[in-house]
Amino acid sequence: MDLEFTKSDQEFREEVRQFIANNFSQPNASGQNIEKYHEVTSDQMKEGILEWHKTLYKKGWLAPHWPEEYGGVDWSITQRYIWDQECANAGTTPLIPFGLTMLGPVIIAYGNDHQKDWVLKGILSGEDWWCQGYSEPGAGSDLASLRTKAEKVGDHYIVNGHKIWTTLAQYADWMFCLVRTSSDGKPQEGISFLLIDMKTPGIDVKPIITVDGGHEVNEVFLEDVKVPVENLVGEENMGWTIAKFLLGNERTGIAGVARSKKAISRLKEIANAEYNDGKPLMVDPSFNQKVTELEVELTALEYTELRTLAKESKGEGPGAESSILKIKGTEIQQKISELTLEAIGNYASPYLTPLSVRSFGSNYPEVGPDYSQGVAQNYFGMRKTSIYGGSNEIQRNIIAKMVLGL
Amino acid sequence: MDFSFSEEQTLLRNTIQSFLQDNYDFDSRKAIIQSEDGMSKENWQQLAELGLLGVPFSEADGGLDFGPVETMIVAEEFGKGLVIEPYIQTVVTCGGFLRRASESQRQEHLSKIISGEEIWAFAHAEPQGRFNLSDIKVNASKNNDEYSLNGHKCVVSGAPWAQKLIVSARTSGDQSDKDGISLFIVDKSAEGVSLRDYKTVDGSMASEVTFENVKIDSSSIIGEEGKAYDLIELVVDETIAALCAEAIGAMSVLNDATVEYCKTRKQFGQPIGKFQVLQHRMVDMFMQYEQSVSMTYMVNLKLSEDELERRKAASGAKVQICNASKFIGQSAVQLHGGMGMTDELNVGHYFKRLAMIETQFGNADHHLKKYSSAS
Ligand SMILES: Cc1cc2nc3c(=O)[nH]c(=O)nc-3n(C[C@H](O)[C@H](O)[C@H](O)COP(=O)(O)OP(=O)(O)OC[C@H]3O[C@@H](n4cnc5c(N)ncnc54)[C@H](O)[C@@H]3O)c2cc1C
């Protein structure tokens, strides 16, 4: 047991830092929500998100968690940890997880050779944008009750149904989708995992606008959609096993420790710039205490994540305790957004887009400091994190049942 | 001791409820927000016709001569309807100042507020001042019978719709002295006043307002020069009492909606309201609401007590309302799952309004300190 970084780790950090400095430039706006700044077109937005993805692809650093033979990188957990930290510090564009984090490992574990070839290649090159078609209006937390139906007719499945909350489906070329192929036995036993081309006739994508004003999620309607049988992953009716495998991976990624660290240092910068009774807000004892408590909690999460990763690297794959990472990670992210909102005081309320503020004319004051832009929207938007990826209530149920044996 | 409402008060509540039923369903509200004006002038006129714009004013001034309890009823009902129109800003806050203004000022202005002809906004906050009502840099210097006003007020709620502003400005003293603050009535169209209007996240509107050598006649000062701080605190406490009432209105809708949703939404073959962890969360929401109602009644009943008692009541109530707003808002979204995150459902809109009430006129930390210093 030790916490040392070796000399080669330090060198690695230097190399990574240099690479990011030389190769990353901020796209015109950051994060997944830029489409609400309507000056950015949908194509530009997609381009912006993919820019960093493509840079990393060229470098060969895109998929550290994949085995090398499939285009992954042979990094130790320490190196992966350093990589995450450096990316967070530089504020690099978050990579879209649907292909890289979710589907990739599934295909590596369950796909046939043909799927391993085309699916993984498309994910890495950025050519194929994937979305996740799990949830349905009637099947959220109780995912196994899903009803979207796939009927085998010759060498095709005919898919009919309705998916909802499909993140960024408006850009997607493909959707990995849970469908019902049998109604015999327990609901979990009749589910299959299909890869669906979003250009297939019969697919209709409708936007859902969220409380923060963003267009991130969608409804996907499927009417007599023809899917070739070779797009089935694994065997028919084994979709639930695959889905659970995937959710395990989704959960570990969700802790977001490095990005939360960065967000806390940003919060401190803001609280140092804001004034409260003539002094920086950061020295206000009650505010200071709240930030400090959060920092301590994040440190605890950091070491919990490192312990989980260390276990994983020895082949003891993520157990139910990875639910801790999801719960704590999202609670901390939400709390940071909450304190940041608190920090900006009266400037919490303007509803502006960065582009519209600056162009109003010189006779008018700017609306709040730069750092106040979008803070409230972010606070509202962050509420999603305790709902998606298996809600935090469901994660607690999992720990209660699987870890504590209750 | 009696916490019941009189027949007249119940009638008032019914009047507002039926107004909202006819004019303020969720879709109409949305249309109002998206309209050119961002509020409904017609609704404002209707409020005038119903007499609601005259609630706190004396009969001599043309009002209904009601007290804080009636204002509380109006604000609570408006909270249930998420009303956009700037009632609290105009009637409670600016009206609160004007009620205590000189005879001639009351005569000149109050009838225009009561008839719905004019909307008013209170410009008090400044970028460096956070929630401190005496941290004021906006400056008014006197020259003969005229003041010249300079500086920047931020996030002035309702200002885009206003014809008149009441502005707190420094006429003497240092930046955060309580002495040396004066209140001015400023015509929004006066030379040197510029506004940068914008939407706010809760569907309302506000402005950044700058004053550049704005000439103000000395007859437009409210009260005595340099002695406005106590009046500002009083009226802000009254405003807080009304905001608390608005908040409990919004909370009650969220709580009802959440309980209803959990009774009907089924997962795992049963209504999600059967899961005990959600039941307990809803019980906590309910308790937070009840505690908030108590504090709201308390502060509204104590507005006319001596200064220290009143300040304590207002700050105590605001702390409770801030904490409850956060808990209830976040929990309502959580229990609605993905639906709670949508713009389509009303839940998110109540959540956003409650989040803004948290910061208006000081958040929980600010009022905890005020409470402690008043104890
Ligand atoms: C922004 C966003 C993005 C999303 N992206 C995707 C995506 O790309 N692809 C996709 O397939 N899905 C996606 N989802 C859907 C997400 O996974 C679901 O919202 C989630 O599973 C919850 O389902 P639900 O919304 O139907 O809520 P419900 O399941 O109806 O839950 C409502 C409430 O009940 C609670 N609850 C339910 N069951 C229990 C129980 N047994 N015990 C205790 N509490 C319980 C929940 O925790 C929640 O608080 C996304 C959701 C959001 C908000």
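Some values worked out for this structure:
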{"read-out": "Simple spin-label estimate for A:PHE221 and B:ASP177 in nanometres, 7 Å along Cα-Cβ", "value": "6.9"}
{"read-out": "Positive-pole candidate from B:ILE321, B:MET287, B:SER331, dipole of segment B:252-375, charges at beta carbon", "value": "B:SER331"}
{"read-out": "In degrees, nearest ten, helix A:77-90 long axis to first principal axis of chain A (Cα)", "value": "50"}
{"read-out": "Whether segment A:130-238 is rounded, prolate or oblate, judged on the alpha carbon gyration tensor where a/c under 1.5 counts as rounded", "value": "oblate"}
{"read-out": "Cα gyration tensor, segment B:1-110 - rounded (a/c under 1.5), prolate or oblate", "value": "oblate"}
{"read-out": "Shielding of A:138-147 by partner chains, average beta-carbon count, 10 Å", "value": "3"}
{"read-out": "Degrees between helix A:322-343 axis and first principal axis of chain A (Cα, 0 to 90, nearest 10)", "value": "40"}
{"read-out": "Gained length - A:ARG266 relative to A:GLU321, 0.36 nm times residue gap less alpha-carbon distance", "value": "16.8 nm"}
{"read-out": "Derived scalar couplings ³J(HN,Hα) [segment A:104-116; Karplus, 6.51 cos²θ - 1.76 cosθ + 1.60; whole Hz; x for Gly, Pro]", "value": "x, x, 5, 5, 4, 7, 10, x, 8, 4, 4, 5, 4"}
{"read-out": "Pair A:LYS54, B:PHE268: separation of 7 Å Cα→Cβ label points (nm)", "value": "4.6"}
{"read-out": "Distance (nanometres) between label positions extended 7 Å along Cα→Cβ at A:THR241 and B:ASP2", "value": "7.4"}
{"read-out": "Over 29 Å (Cα to Cα) - which of B:LYS227/B:LYS370; A:LYS290/B:LYS302; A:LYS262/B:LYS326 fall in this group", "value": "A:LYS290/B:LYS302"}
{"read-out": "Rounded tilt (10° steps) of B:229-264 against the dominant C-alpha axis of chain B", "value": "20"}
{"read-out": "Förster-model FRET efficiency, 25 Å R0, A:LYS7 and A:GLN289, C-beta, rounded to 0.05", "value": "0.05"}
{"read-out": "Given charges at beta-carbon only (K, R positive; D, E negative), |dipole| of the protein assembly as shown in Debye", "value": "1600"}
{"read-out": "Highest average packing first - A:90-99, B:187-196, Cβ atoms within 10 Å", "value": "A:90-99, B:187-196"}
{"read-out": "Helix-derived mean residue ellipticity, 222 nm - over chain B, DSSP H n ≥ 4, -39500 (n - 2.57), to 500", "value": "-16000 deg cm²/dmol"}
{"read-out": "Value of [θ]222 nm, deg cm²/dmol, for chain A, DSSP H segments ≥ 4, -39500 (n - 2.57) each, nearest 500", "value": "-13500 deg cm²/dmol"}
{"read-out": "Lys/Arg +1, Asp/Glu -1 at C-beta; the protein assembly as shown dipole; positive extreme among B:TYR371, A:HIS162, B:VAL347", "value": "A:HIS162"}
{"read-out": "Sequence-separation-based contact order of chain B, relative, with Cα cut under 8 Å and 6+ spacing, percent", "value": "15"}
{"read-out": "For segment B:22-33, Karplus couplings with θ = phi - 60° (6.51, -1.76, 1.60), whole Hz, Gly/Pro x", "value": "6, 10, 9, 6, 4, 6, 5, 4, 4, 4, 4, 4"}
{"read-out": "Amide H contacts under 5 Å for A:TYR157, placed H, 5+ residues apart", "value": "A:VAL227, A:VAL229"}
{"read-out": "Cut-off under 5 Å, modelled amide H: who pairs with A:TRP66 long-range", "value": "A:VAL73"}
{"read-out": "Mean Cα-pair separation over length for segment B:7-118, i.e. relative contact order, pairs under 8 Å, 6 or more apart, %", "value": "30"}
{"read-out": "Residue exposure sequence - A:GLU393, A:GLU69, A:GLU47, A:GLU230 - by fewest surrounding Cβ within 10 Å", "value": "A:GLU69, A:GLU230, A:GLU47, A:GLU393"}
{"read-out": "J(HN,Hα) series, segment B:82-94, from Karplus relation 6.51 cos²θ - 1.76 cosθ + 1.60, nearest Hz, glycine and proline x", "value": "6, 5, 7, 4, x, 5, 4, 4, 7, 7, 7, 7, 5"}
{"read-out": "Averaged over B:199-206, number of beta-carbon atoms from partner chains that fall within 10 Å", "value": "5"}
{"read-out": "Residue mean of other protein chain beta carbons inside 10 Å, B:127-135", "value": "5"}
{"read-out": "Amide hydrogen neighbours beyond the local backbone of B:LYS164, cut-off 5 Å, H modeled", "value": "B:ILE119, B:ALA121, B:LYS188"}
{"read-out": "Calculated SAXS-style log₁₀ I(q)/I(0) at q = 0.09, 0.10, 0.12 Å⁻¹ - chain B, Debye, Cα scatterers", "value": "-0.51, -0.63, -0.90"}
{"read-out": "Proximal lysines to B:LYS266, defined as alpha-carbon separation beneath 16 angstrom and excluding residues fewer than eight positions away on the same chain", "value": "B:LYS274"}
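Just so you know, all these numbers are worked out from the coordinates, no wet-lab data involved. The structure displayed is predicted, hence computed values, not measured ones. Here the Cβ is made from the backbone with ideal geometry for all residues, glycine too, and neighbour counts use every protein chain on show.
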